[in-house]
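Below is one structure, written out as structure tokens, with a few remarks after it.
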Amino acid sequence: MAVLPANHEWVQQAKQTQNEQLALLREQVSIQESAAQSSPLAIVRPQLLQGLEQLKEGYIQRYLDFHRSARLNPDQDDRKKRLLNEPRRKQLVALAEVDKLPVAGLTKWEEKLAALQPCYGLGASDLKDRPFCARCGYRPVEEPNAPHPTGVLDEAEARLGELHGNWITALLTTLAQEAPQHTIKLMTSTQQTMINNFLSQRTLPDKIPQDFVEAIREAFRGLVEVRVPPEDILRSITEGGTPCTVQELHNRFRQFIESLTDGHNPNKVRIVIEW
Ligand SMILES: [Zn+2]
């Protein structure tokens, strides 16, 4: 199975060496036939072996160069790990459940980093009996357009800043719109504080709690406000007359609540008693 690309100069060099050695052998065979020498191979063997050895050394150096430029060295691997552990990346991952955020950008960013494989410590001696790295199985021919890891890491670092900035802007802009603002007013005071802190400080909490994510999701999806005059409550539980049993009162109140949420997902309904 090929390891180097067919058009690589070493492959051309190998073909040339092969042709030269075959020509040399043919020449020796014809000399033998004319001069009756005992063994043509014994004469040219050192020359053939030297040619093959040179070819092998050349291959090893070229393969090592390819491997170095396709796999992460220890420093690059540390840099990749630092990027994956960046607080900004963790904030984006936590927010990825929020609708309306451009999650595809984060997915692409993660895929590019995941494609960078660490493999270091490969030396010439590892390639004496095997034409490719036993640890990662790298074959240059299978990864013809792989970008250099340093370039990918530089780009990922810059892109993380962009993504983070874009997501914060998207959150701030959407939360400031009329519908989410109306929804926020229907939320619990804890949720309102979390969102309003974000809106005033314009920065995300260092470690984003799940409650914060849920509050944002709720603000984006919207809540249904149902306003109830207090007299309606009293009417609903007294309709049918009193005295009544405890069970009857339970039933009347339950039916009243069901009539308020009729047609809506009860989890999205917020009841405001106008008193
Ligand atoms: Zn390797």
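Helices (runs of 4 or more DSSP H) fully within segment 88-189 that include at least 3 residues being over 16 Å from the mean Cα position of the chain (by Cα): 149-175, 178-185. Might you let me know whether segment 208-218 holds any residue that is in the same structural domain as Pro102 (by TED's automatic domain parsing), loosely packed, with under 11 Cβ neighbours inside 10 Å and within 30 Å of Pro87 (Cβ to Cβ)? Yes, there is a match, as at least one residue in segment 208-218 is in the same structural domain as Pro102 (by TED's automatic domain parsing), loosely packed, with under 11 Cβ neighbours inside 10 Å and within 30 Å of Pro87 (Cβ to Cβ).
Any residue in segment 117-141 that's closer than 14 Å to Ser69 by Cα: show its pairings with residues that are in a strand (DSSP E or B) and near the ligand (Cβ under 8 Å from one of its atoms) at Cβ separation under 9 Å, as long as the two are six or more apart or on different chains. Short answer, once both residue conditions are applied: none.
Hey, any hits in segment 159-171 for a residue that's modelled with pLDDT of 95 or more, assigned by TED's automatic domain parsing to the domain that holds Val213 and either acidic (Asp, Glu) or within 16 Å of the ligand (Cβ to nearest atom) (or both)? The answer is yes; a qualifying residue exists.
Condition check: within 16 Å of the ligand (Cβ to nearest atom), among the aromatic types (Phe, Trp, Tyr) and either in the same structural domain as Val213 (by TED's automatic domain parsing) or closer than 30 Å to Asp206 by Cα (or both). Does Tyr120 satisfy that? Considered against the rule, which asks whether it is within 16 Å of the ligand (Cβ to nearest atom), among the aromatic types (Phe, Trp, Tyr) and either in the same structural domain as Val213 (by TED's automatic domain parsing) or closer than 30 Å to Asp206 by Cα (or both), Tyr120 comes out as yes. Against the numbered list (1) surrounded by 16 or more Cβ atoms within 10 Å (Cβ to Cβ); (2) away from the ligand (no atom under 14 Å from the Cβ); (3) within 30 Å of Asn166 (Cα to Cα), Ala146 comes up short only at (2). Among the residues of segment 131-140, the one identified as within 11 Å of the ligand (Cβ to nearest atom), under 14 Å from Leu4 (Cα atoms) and either charged (D, E, K, R) or touching a Pro at 6+ places or on another chain (Cβ under 7 Å) (or both) is Arg139. Checking Ala42, Ala104 one by one, the residue that is within 30 Å of Arg217 (Cα to Cα) and exposed (fewer than 13 other Cβ atoms within 10 Å of the Cβ) is Ala104 and no other.
Checked against (1) within 16 Å of the ligand (Cβ to nearest atom); (2) in a helix (DSSP H, G or I), Asp78 meets all criteria but (1). Of the residues screened, Gly263 is one that is at positive phi, surrounded by fewer than 12 Cβ atoms within 10 Å (Cβ to Cβ) and not aromatic (Phe, Trp, Tyr). Among the residues of segment 100-116, is there at least one that is farther than 22 Å from Ala215 by Cβ and within 16 Å of the ligand (Cβ to nearest atom)? Yes, segment 100-116 contains at least one residue that is farther than 22 Å from Ala215 by Cβ and within 16 Å of the ligand (Cβ to nearest atom).
The values are calculated or read from the model by the stated rules, or taken from the named source; none is laboratory data. Note that the coordinates shown come from a computational prediction; the quantities given were computed from them, not determined experimentally. Glycine also receives a Cβ, built like all others from the backbone with ideal geometry; neighbour counts cover every protein chain displayed.
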